[in-house]
1. Any residue in the range 19-36 that's among the hydroxyl-bearing types (Ser, Thr, Tyr): show its pairings with residues that are surrounded by 14 or more Cβ atoms within 10 Å (Cβ to Cβ) at Cβ separation under 6 Å, as long as the two are six or more apart or on different chains.
2. Are there any pairs with C-beta distances below 9 angstrom linking a residue in the range 40-52 that is in contact (Cβ under 8 Å) with a residue 40 or more places away in the chain and closer than 19 Å to residue 28 by Cβ to a residue that is among the basic types (Lys, Arg) and surrounded by 10 or more Cβ atoms within 10 Å (Cβ to Cβ), with the two at least 6 apart or on different chains, and if so which?
3. Are any residues in the range 17-41 under 16 Å from the mean Cα position of the chain (by Cα), assigned to a loop (DSSP other than H, G, I, E, B) and either exposed (fewer than 10 other Cβ atoms within 10 Å of the Cβ) or among the hydroxyl-bearing types (Ser, Thr, Tyr) (or both), and if so, which ones?
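The numbers here are math on the coordinates, done by the rules we state, and not lab data. Given the structure is predicted, the values throughout are model-derived calculations rather than measurements. Here Cβ is always computed from backbone atoms with ideal geometry, including for glycine, and neighbour counts include all displayed protein chains.
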Amino acid sequence: MKVYDLLWKKAEDEKTGKARWEKVGVLIEKDEGRMSVKIDLVPAANWDGWLVVSERKAREESAKEPMFSNELEPF
């Protein structure tokens, strides 16, 4: 299973000209080739409708969080 982040170009820094990206969800590619998308938020302002799919970078083992949980957490 591979996990990709879905990003949108939020803005460009006026000084450096670098793009500022915001994660809006994930794309999950399963071993059988099937894909699923989970959208956490929909960009509202100045969004052209395009998302970038970026392969998720590996984190240290201690920093990993479970991707999905079957248990509900209290508020």
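1. Pairs that qualify, where the first residue is among the hydroxyl-bearing types (Ser, Thr, Tyr) and the partner is surrounded by 14 or more Cβ atoms within 10 Å (Cβ to Cβ), are 36/28.
2. As it stands, the answer is 52/9, since those pairs meet every condition given.
3. 40
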